[in-house]
Each structure stands twice: as structure tokens, then as C-alpha cells.
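Bear in mind these aren't lab numbers, they're just calculated from the coordinates by the rules spelled out. None of these values were measured; they are calculated from a predicted model.
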Amino acid sequence: MRLQITIDIFDYWNALRGGRDAPLKSQIEPGAIPHLLSSLFILETAADRHIRFRLAGTKICDLFGRDLRGERFSALWANGQHEDIERTAQGVIAHAIPTLFNATGYSTAGHHAAFEIIMMPLRSPEGGCDRLLGAIAPAAAASWLEIVPLELLALDRSRLLHDKFGRATEAEPRRPVEVATEKQATFGRAMLRAMSHFLHGATAR
């Protein structure tokens with residue numbers, strides 16, 4: 001983790017959980033993290049078994065130019081990555097292991113920006129994990145992000161977050177989904193080339 005938003009929310013989540021693998025969702029107190037709220041989201045497994053947004057902060061909705069409540073989390077991602085993203089989110093819930101994504105966001109106008117996205121499990125009163133707390137943060141300020149909505153995210157890398165030391169490391173043994181996302185490490189660069197080609201072709205016509 002490199003960005004203050006993802007570091008702060010992970011530290012908050014880590015402190016709440018104590019010696020458990022995840023805190024209760026009722027322990028999340030918005031008043032304790034007011035500076036983070038606009039960048040946070042909560043995901044849940046919907047009736048159709050897909051991972052969907054229960055809540056999304058204003059900065060996240062502004063990034064995509066729409067209210068994300070009820071939308072599938074995987075729908076934000078590039079074609080070909082939907083299933084991997086869905087499986088990863090389901091895995092965070094099933095195994096209570098927080099995960100960090102490094103991704104590149106693309107607009108229809110050809111802009112691109114780097115993002116950190118973190119997902120952390122939350123427990124229900126019954127004891128099982130049924131929701132995810134997360135954050136989306138741009139790696140650098142870009143004026144266009146306030147004007148032009150993102151069209152999609154492309155996954156560059158995903159990592160499990162080791163809870164013992166509270167910092168991001170590669171988990172051992174490596175899980176199949178991690179290997180799959182590593183194979184897609186150049187996807188972001190390929191997407192940029194494809195987007196540039198598309199825009200150039202559209203201008204030529």
C-alpha cells in the first residue's frame with residue numbers, strides 16, 4: 001500500500017478486528033473516519049449471488065459518473081476480467097483475507113490514471129463474513145477525474161494482505177486467482193494502446 005487513504009482504512013479495519021480475522025460490520029463507526037467516507041464502499045452478496053455495491057461514497061460515484069448502489073462490482077472492470085474480479089471478491093468474503101488491487105482506470109476520452117483499491121471482510125452478528133469494506137483511491141491528482149467519468153478499470157496486480165504485520169506481501173502458497181491476475185499485468189498497457197487506436201480511428205473517420 002502506498003496511498004494514505006488505503007493505509008488509513010486498512011489500519012482502522014485492522015485495529016477494529018483485534019485478534020480476529022475480521023471485525024463486525026456493526027463496529028464500523030462513520031464518525032471515526034469522516035475524512036475517508038467519500039472514498040469508501042461496501043459490497044455484499046446479493047440475492048443473485050453476485051457481489052454488488054450496497055453503498056459507494058460520493059468520490060467513487062463521481063469517478064464513474066453515476067450512483068453505483070446495486071451495481072455489480074465486476075461491472076466496473078474490463079471485459080475478460082469480470083469473472084476473476086468476482087471470484088476474488090467472493091474469496092475475500094469466504095476466506096476473510098483482505099486484498100489490494102493495483103489498477104488503471106480509463107475514460108472514453110483516452111485519459112488514464114492509476115488506482116489502489118482495497119477490500120476487507122466484515123462479519124455479521126452470526127459470525128460469518130457477508131460484506132466487504134473497501135476504498136478506491138487515485139495514485140495522483142488529475143483534474144480530468146473531476147470532469148470526465150471513468151469507463152472501466154483494468155487490473156494490473158492483486159495481492160493478499162498479510163494480517164500478521166499489517167502490510168502488503170505476496171501470500172504463500174500463491175492462489176490460482178493471483179497467478180491469473182499476474183498474467184494480466186500488461187493488460188493496462190494493452191488497453192491504453194487499444195484505446196489510443198480506437199480514438200485515432202474515430203478521428204480519422
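Remarks
- Estimated translational D of the range 1-72 in µm²/s (Stokes, Kirkwood radius over Cα pairs; 4 °C; 1.567 mPa s): 96
- Normalised by 2.2 N^0.38 Å, where N is the number of residues, the C-alpha radius of gyration of the range 19-110 stands at 1.16.
- Spatial separation of Cα centroids for the range 9-38 and the range 81-151, in angstrom: 17
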